[in-house]
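Visitor: If you scroll down you'll find the structure; I have some questions about it.
Only the coordinates and a few stated rules stand behind these numbers; no lab work does. The structure presented is a predicted model; accordingly, all values stated were derived computationally and were not measured. Positions of Cβ are generated from backbone atoms using ideal geometry, with glycine treated the same way; all protein chains shown enter the neighbour counts.
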């Protein structure tokens, strides 16, 4: 590890209602991988967005190689040798790799010399083993490949400092290892890397030093060799972390959900589910693991009727419900907690009351002939608020003013109160703080104890391991493995997520090779 | 320099101030335009005011103009709430006029007045509803852009009217002019107030406004429409049948526009001709938006815009000020309203200091 | 072919090009505006403003090309109203565009009174291109036109080149497809949108000016007769690609020229039904184009109509 290349002094940034960064101090040495650790909402992304010029700090200074710098835009960040790879890729899917790399570059003239640029891209690609074709269109590439395009973009612009925001969130454990190899090669070439994560295993594997943030404040910076995972967790969360939630023994009851040879297309018309088979009894939480993009969201959408199945069948409580309208499926006792709160689960400009009744506005007593009984609606909403401990300062104000955790609680409350037989929950605790996350998981377990069948789709393996009774792995549109929780082994699951392993519990499935 | 920052709540005083200031600024722009053609804007505005409200008769004429504006705009409010842009009220109005004329021409002898008028009302609504159904179905099932579809249908409706007027429905005794014969008394909507031209259509308008307001605020249909307008994905997820709602709302909107057409030719013009004020279909869009998509407010706004139009029509003759001044003022008010809307959700900072 | 049928065909096709050029300018302009993510429904308003300004300038100065330029400029300036409301103030683009059209119609009615029933002494001169105009069949159709038509040919080629072969084109396409990514890459989203919206206004003004300076050398209230709306429809037909804009514009021009010819020849078909055909055709084209776009996943620019703001947390 070498000299200090980047220093962040006393940085503060506030947004309406929240202090995202509170007088943070942080430094980066040449040739190191420095991890920024913290949970969702700790302030890691905000801090990095400041370094990347997307936000401007309210207080504090940034020094590069000893000189003070003022970064007012991503363009200036790039000029200063900082390249950021965001969680959500900044790629234009209809353009090619080459066009994306070249986007925004000043040095190129009016006419695009595609050959020269393509050569340089191939050079970088070979140098770091990135394996990317410059003329491919982004929408044709896999998620891992798209991430590598992002890396090429930064290297093409001469980045010396790379910031990677939760890069493994979309990768299999094997792809993550490939990424780590690439990163280690980079630091040998005297690049410095800031790595943002909330996954302790990874952090211990890849870091040289670790800085922990919690609720916007700096907790401390430590050397990887001098700390243990458990201590890190405590720094991150501030209290003893439950690595396993208390669970009652499972009591299976009847077959609630049955999926047979299900197939469907994604939004781009490519077949994304290629024959899904499983069944789910009441009283069980079936956790579906898989790298995002393998069909999980589409599976949930087909079950609840938001997406057309092109083959196969879905049965709920023995009745076939394939391709029925969402309302009909809801009537069968199915409820859905969608992955995107403000885009799919709630109407941001309508009030909490109007959002709360979304599932029962056409039933008595809230419905009265063709009219809506707003008094009953308000009464029902208040019940939900009390039962689920939701903070709603004004029940008639637009719901978009509530915090993420309270929004998720509202959705959860609304769906659970319908007393479903089947509950589909997709990324239910994404973006929530520790308290809200615990609440969500506890509620799911409660429902399971009541005999509800729960299909839990999550990117968070830790979460799946924590509350599932059975874990399945989806890969390229098929279920490639299934284990009871007591037999679950995280390495095996990781391999299944990459399509390598054969699982004995699966009948009639061939060995699915990558 | 100029920066916008999200608000945490929407201040009430702004919600009233912004529309008011928009109206003032729009009127100001109109005044500046008038100045450029060497006329004193104050004289013009005073004349418009007198031409709209200055005597009992012109006051009643203002109401006459307001009637179709009200009928059409409340229908538009219903579909605009759903984010469905019905620009076709012009054509739906024409179709309503055409359909009701069929009965006016053919059944005047055989039906009594109340029955004939009822048939004409129904025919007018059916005509407008059918013309609205076409783009509604195209959008609901094939996702065809409704702005273009409704607009093109306007021109098709207009030329259909011209065809009828120069062709099969032309009055043989009209010396070649494209008019039908004058409607029998049977086919004319009764007047509400003697010595004015205010006809039964006013009652239609008020009832329509109240019904639309109730639908939007208090019924399940209205709730579904609002959800669709705010977030289509959530609507689908909630099980709301979007196609059905688009079609139903457009049938109502087109029906009201068609009824407005019927009311105008039966209550005022007393015949079918080419000039039947279909431009009300476009003005009604402005009424709907200026009313903040509130059907009750639309009653007030259509009255005032009706006054603007009636007054401007007067000075078109007396002061030779072209009628285009109306469109100029209306669109300017709309510009300021649209631009000012951001302030309800965002605070304005200039060079670091908060302005609004 | 019989000699006079051949002659009529040539005349019709030449008229098609002329009539289509009125639309070609605004279609290309709006293609670029929408590619940047801005929906501008004010084309009718910008076109008619260009028409009046062009006519008035020509009438007062006698300089045809200067008048064309002024008409173009007027359209561009008008577009800035919509640009400011849509881009900086993030207002509702559908209503803003409609307001611009109503504004244009109102303003031109107001100031156009003194020009009604006046005729231009000189209209756009025909410029025959030597050599190219001798080509059998196509020569007289394509190369016995005027400078504006030739400008439109070059425009199609240049804009296609800019869109797909230059850095500016990449930036434009990026802004319209993923504004956040473009912003993160250092592209000034606002500047790109203002530029191409202004370009759209210039083009709309050009179309309107061409109408009054050439095809109908007099001024009438509302002379654009809905062509602005047709242009927007044909943008969808062109799938936001300049060469296809040519096809759409000329298709409309052909029907227009044909029905005009039929009417002047005195057919038995009622004139109203003939006049209806161009709009009816466009209506069908839109339905077809929408179905095709759906089938081939060729996108509407994803950001169309959605205002962009950077610090949205």
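Visitor: According to a simple spin-label model (label point 7 Å from Cα along Cα-to-Cβ), what is the distance in nm between residue C:263 and residue A:255?
Guide: Roughly 7.1 nm, to one decimal.
Visitor: With a cut-off of 8 Å between alpha carbons and a minimum separation of six or more residues, what is the relative contact order of chain C in percent?
Guide: Values: 570 pairs, mean separation 113.1, N = 313.
Answer for chain C is 36 percent.
Visitor: Let me ask something else. Note the direction-averaged projected area, equal to a quarter of the hull surface, for the Cα convex hull of the stretch B:49-93, in nm².
Guide: Average projection, Cα convex hull of the stretch B:49-93: 3.8 nm².
Visitor: Most exposed first by the Cβ proxy, i.e. fewest other Cβ within 10 Å, how do C:155, B:105 rank?
Guide: B:105, C:155
Visitor: Also, quick follow-up: Report, in degrees rounded to the nearest 10, the 0 to 90 angle that the Cα long axis of helix A:173-188 makes with the longest principal axis of chain A.
Guide: 20 degrees
Visitor: While we're on this one: How would the stretch A:4-237 be classified by its alpha-carbon gyration tensor: rounded, prolate or oblate, with rounded meaning a/c under 1.5 and the a/b versus b/c comparison settling the rest?
Guide: The shape class here is prolate.
Visitor: Name the residues of the stretch A:343-357 whose amide N is less than 14 Å from a point 7 angstrom out from the Cα of residue A:382 along the C-beta direction?
Guide: A:353
Visitor: Still on this model: Please report A:72, A:441 as a ranked list, fewest other C-beta atoms within 10 angstrom at the top and most at the bottom.
Guide: Ascending number of Cβ neighbours within 10 Å: A:72, A:441.
Visitor: Can you tell me the 0 to 90 degree angle between the C-alpha axis of helix C:167-177 and the longest principal axis of chain C, rounded to 10?
Guide: Roughly 70 degrees, rounded to the nearest 10.
Visitor: If you wrap the stretch B:163-263's Cα atoms in a convex hull and average its projection over all directions, what's the area in nm²? Could you put the intermediate results ahead of the total?
Guide: Details: hull surface 39.9 nm².
Averaged projected hull area, Cα only: 10.0 nm².
Visitor: What's the FRET efficiency of residue A:70 with residue C:168 using the Cβ-Cβ distance as r and R₀ = 35 Å, to the nearest 0.05?
Guide: 0.75
Visitor: Which value, in Å³ per residue, describes the convex hull spanned by the Cα atoms of chain A?
Guide: 167 Å³
Visitor: OK, next. Which order results if B:253, C:275 are arranged by neighbouring Cβ count within 10 Å, fewest first?
Guide: C:275, B:253
Visitor: Cut-off 18 Å, label point 7 angstrom out along Cα-to-Cβ of residue C:10: give me the residues of the stretch C:130-149 whose amide nitrogen falls inside.
Guide: Answer for the stretch C:130-149: C:130-146.
Visitor: Counting alpha carbon pairs within less than 8 Å and at least 6 residues apart, what relative contact order, in whole percent, applies to the stretch A:253-497?
Guide: Relative contact order comes out at 28 percent.
Visitor: So, in Å, what gap is there between the alpha-carbon centers of the stretch A:18-88 and the stretch A:385-451?
Guide: 33 Å
Visitor: Would you mind checking the tilt of helix B:12-36 against the longest principal axis of the Cα atoms of chain B, expressed as 0 to 90 degrees and rounded to 10?
Guide: Taking Cα atoms only, the helix is inclined about 70 degrees.
Visitor: In nm, give the distance between the simple-model label positions of residue A:449 and residue A:308, each being 7 Å from the Cα along the Cα-to-Cβ direction.
Guide: That separation, rounded to one decimal, is 4.4 nm.
Visitor: For residue A:115 and residue C:135, what does the FRET efficiency come to when R0 = 45 Å and r is the distance between their Cβ atoms, rounded to the nearest 0.05?
Guide: Details: r = 36 Å, r/R0 = 0.80.
Here the calculated transfer efficiency is 0.80.
Visitor: How big is the protein assembly as shown by the Kirkwood estimate over distinct Cα pairs, in Å?
Guide: With all distinct Cα pairs of the protein assembly as shown included, I get 33.2 Å.
Visitor: Could I ask something else about it? Give me the percent of DSSP beta bridges within the stretch A:253-497 that run antiparallel, rounded to the nearest 5. Write out the running numbers ahead of the final one.
Guide: Numbers: 26 of 43 bridges.
Roughly 60 percent of the beta bridges in the stretch A:253-497 run antiparallel, per DSSP.
Visitor: Quickly work out the residue B:350-to-residue A:15 label distance, labels modelled 7 Å from Cα along the C-beta direction, and quote it in nm with one decimal.
Guide: Label-label distance for residue A:15 and residue B:350, simple model: 2.8 nm.
Visitor: Continuing with this model, one more query. For an R0 of 45 angstrom, estimate the FRET efficiency from the Cβ-Cβ distance between residue B:175 and residue B:28 and round to the nearest 0.05.
Guide: Taking R0 as 45 Å, the efficiency between residue B:175 and residue B:28 is 0.45.
Visitor: For residue B:2 and residue B:60, calculate 0.36 nm times their separation in residues minus their Cα-Cα distance, and state this gained length in nm to one decimal. Spell out each step's value before the answer.
Guide: Details: separation 58, 0.36 × 58 = 20.88 nm, distance 4.72 nm.
Extra length from residue B:2 to residue B:60 when fully extended: 16.2 nm.
Visitor: Something else: Counting DSSP beta bridges with both partners in chain A, what percentage is antiparallel, nearest 5?
Guide: Rounded to the nearest five, the antiparallel share is 60 percent.
Visitor: Report for the protein assembly as shown the percent antiparallel among DSSP-assigned beta bridges with both residues inside it, nearest 5.
Guide: Antiparallel: roughly 60 percent of the beta bridges in the protein assembly as shown.
Visitor: Indicate the gyration tensor shape class of the stretch B:207-287 (rounded, prolate or oblate), computed on the Cα atoms with a ≥ b ≥ c the square roots of the eigenvalues: a/c under 1.5 is rounded; otherwise a/b larger than b/c is prolate and the rest oblate.
Guide: Because a/c hits 1.5 or more and a/b exceeds b/c, the stretch B:207-287 counts as prolate.
Visitor: How would you classify chain B from its alpha-carbon gyration tensor, with a ≥ b ≥ c the square roots of the eigenvalues: rounded for a/c under 1.5, else prolate if a/b is greater than b/c, otherwise oblate?
Guide: In terms of gyration-tensor shape, oblate.
Visitor: Normalising by the residue count of the stretch B:210-303, find the relative contact order in percent from Cα pairs under 8 Å and 6+ residues apart.
Guide: 21 percent
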